[in-house]
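**Student:** Let me give you the structure first, and then I'll get to my questions.
Bear in mind these aren't lab numbers, they're just calculated from the coordinates by the rules spelled out. This one's a predicted model, so the numbers in the text were calculated from it and none came from an experiment. Quick reminder, even Gly has a Cβ in these numbers, built from the backbone with ideal geometry, and neighbours come from all protein chains shown.
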Amino acid sequence: MSSRTDTRDRPRLATFATSHYCEKARWALEWHGIAFDEVTWPPGLHRLLAARGGAKATSLPLLIGCGEVVEGSSAIIDWAERNAAESDRSLTPDTGRDHAAAIEQRADEVIGIHVRRLAYAALLPGHADVVKRAMFQSAAGWHRRAGNLTWPLVWRLIMKTYDVGPGAAADSRAKLEGEIDWLDGLLADGRPYLVGDRFSRADLTVASLLSGLARPKEMPVYRDMRVPDTLAADMRRWGERPAMRFVRAQYRAHRRPAA
């Protein structure tokens, strides 16, 4: 574990409870033994809190109180690599760095975006209470109260921001089908990792961003969430594909089991 034992020295990781991008950052910090305090911010209110924390962007995750403000999951991995407690646990592969970076970028820009959009398209129109409950479950005090008050507006903003309208689910489902085909192709030779012979940021990114569909037992936020029949059908159809089995294998091997 990290030598950061004094809570006054710990950075804070600002997250959405259900965000797979936040899971990516959380996993990287824990992998490197970096102690941190996680704070869950309700959507909408997070914009004000991020600005107060010195962030330029309005998205999460953010790492605050580490002598700088680190914005975004990939940047947080970079920061964790520089501040790792043990150098032999680097997430940067010894060979194939460009390939790993390309996989991470594609996962961030395609897989992660369409997993989120598919979930919102399935949940927000008729099951917004499920999203709200999951997002607010760890928020405390005035954060929770303010989030509850602004939720009706935030719900509509999420629908607009992520283009959750007619046809959104079908479009994102088709995009994800293509990405799962791509990953299945990479894994067709039986390799345990996407790049090289050890766990890397490419594996961590793909596993994190698909965890909401693969539902590994080490990620109870997704594992225990009730979902509509349409999304459950997608999960069943993809559940035994090589890409999804790969996700669950990475969690079993490299993620601390949930308490």
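**Student:** Using the per-residue mean of other Cβ atoms lying within 10 Å as a proxy for protection, in what order, highest first, do the peptides 92-101, 59-68, 159-168 fall?
**Tutor:** The densest-packed peptide leads the list: 59-68, 92-101, 159-168.
**Student:** Which whole-Hz ³J(HN,Hα) couplings does segment 50-66 yield from phi under the Karplus relation 6.51 cos²θ - 1.76 cosθ + 1.60, θ = phi - 60°, glycine and proline marked x?
**Tutor:** 5, 5, 5, x, x, 7, 8, 8, 10, 10, 10, x, 10, 10, 10, x, 10
**Student:** Normalised radius of gyration for segment 181-239, please: alpha carbon Rg relative to 2.2 N^0.38 Å, two decimal places.
**Tutor:** The value comes to 1.27.
**Student:** Sticking with this one: For segment 243-255, in order, what is each residue's ³J(HN,Hα) by Karplus, 6.51 cos²θ - 1.76 cosθ + 1.60 with θ = phi - 60°, in whole Hz (x at glycine and Pro)?
**Tutor:** 4, 6, 5, 4, 4, 5, 5, 5, 5, 4, 7, 10, 10
**Student:** To the nearest 0.05, what FRET efficiency results for A188 and R226 with a Förster distance of 41 Å applied to their C-beta separation?
**Tutor:** So, using R0 = 41 Å, E works out to roughly 0.75.
**Student:** Another question, then. Highest first, please rank the peptides 211-220, 45-54 by the mean number of other Cβ atoms sitting within 10 Å of their residues.
**Tutor:** 211-220, 45-54
**Student:** Separate question: Would you list, by chain and number, the lysines whose Cα falls below 25 Å from the Cα of K217, excluding same-chain residues fewer than 8 positions away?
**Tutor:** K24, K132
**Student:** Now a separate question. Quick one: Karplus J couplings for segment 72-79, per residue in order, coefficients 6.51, -1.76, 1.60, θ = phi - 60°, nearest Hz, x for Gly and Pro?
**Tutor:** Here the 3J(HN,Hα) series is x, 5, 5, 5, 5, 4, 4, 5 Hz.
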